[in-house]
Amino acid sequence: MRTEEEQLEAIKHWWNTQGKSWALIIAIGVGAGMAWRGYQDWQVGKLETASDAYQQVISQLNAGQSLDDLKEQTQAILTDYPNSLYADQILLLQAQAAVTQDDLATAQQRLQAVQASSQNPLIKEVAILRQARILAAQENTSGALQLLEGVKLEALQIERFAIQGDILLAQGDSQGAYTAYSKALEYPNAQNTHPWLSIKRDNLTPPVTESATPAA
């Protein structure tokens, strides 16, 4: 809801900065107030409709239907409520379904769409993380590592460094992987949310530092 509320505040700000003339305010004040309340009611109603449509999709998925069975409903959400949290979630669900069907190209396409259109920074960066996983699976490790540089939110740094470690390990860079896993483990709750990280790291040899190198 945060994104939609911000949009409403932006519209309200625009509205409030347009009528500096007292004559204009007096002339349209009552009508403007009614119009604004009408717009708010319409916007809230639209969001409630979008929420209901999304919840219906989730309920039908939980009942055993697939996204293929719900193409009409999911496309309606994407068409009628673009750039909304509900459209973001539908695209993420489609990407997940594509991965389970080994259709990585479609999954990548859906995630790119989320990254490009989402108004939510967290969802944008989640899409980046998932794209990096796909690129790594396609052995495009340089592309995956480059994508990870775009993950800036503190809440996603554990996952970012965990993926980076996995990629570096697959490249044969065990010391780089050790460093990446160690960076992930520096964050609070890393052991709770990613208990396997310490196991992965501890199975690797720590990087050799200059201070640890014997003098000649």
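The values are calculated or read from the model by the stated rules, or taken from the named source; none is laboratory data. Bear in mind the structure is a predicted one, so any value in this text is a computation, not a measurement. Positions of Cβ are generated from backbone atoms using ideal geometry, with glycine treated the same way; all protein chains shown enter the neighbour counts.
Data overview
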item	result
Residue list for the stretch 70-82, restricted to those being surrounded by 13 or more Cβ atoms within 10 Å (Cβ to Cβ) and either at positive phi or of a type outside the set (A, V, I, L, M, F, W, C) (or both)	GLN73, THR74, ASP80, TYR81
Filter result for ARG133 (farther than 21 Å from VAL208 by Cβ and either in the same structural domain as ILE90 (by TED's automatic domain parsing) or touching a residue at least 40 places away in the same chain (Cβ under 8 Å) (or both))	yes
Which listed residue, of ILE167, ILE163, is buried (at least 18 other Cβ atoms within 10 Å of the Cβ), within 30 Å of LEU204 (Cβ to Cβ), among the aliphatic types (A, V, I, L, M) and more than 17 Å from the chain's Cα centre (by Cα)	ILE167
Condition check for GLN55: at pLDDT 95 or above and either of a type outside the set (A, V, I, L, M, F, W, C) or not in a helix (DSSP H, G or I) (or both)	no
Elements of type helices (runs of 4 or more DSSP H) contained in the stretch 67-166, each with 2 or more residues being under 24 Å from ALA53 (Cβ atoms) and out of contact with any Lys or Arg (no Cβ under 7 Å at 6 or more places or on another chain)	71-80, 85-100, 104-117, 121-137
Contacts under 8 angstrom Cβ, first residue in the stretch 94-119 being among the charged types (D, E, K, R), partner in a helix (DSSP H, G or I), 6 or more apart	ARG110/LEU91; ARG110/LEU92; ARG110/GLN94; ARG110/ALA95; ARG110/ALA98
LEU61 being assigned by TED's automatic domain parsing to the domain that holds ALA107, in a helix (DSSP H, G or I), within 26 Å of LEU111 (Cβ to Cβ) and at pLDDT 90 or above	no
Meets criteria (closer than 26 Å to LEU47 by Cβ and in the same structural domain as GLU125 (by TED's automatic domain parsing)) for ASP88	yes
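So that you can scan it fast, the table gives a plain yes or no per residue for (1) at pLDDT below 95; (2) closer than 19 Å to LEU92 by Cβ; (3) aliphatic (A, V, I, L, M):
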site	(1), (2), (3)
SER117	yes, yes, no
ILE123	yes, yes, yes
ILE128	no, yes, yes
THR179	no, no, no
THR193	yes, no, no
LYS200	yes, no, no
PRO207	yes, no, no
GLU210	yes, no, no
ALA215	yes, no, yes
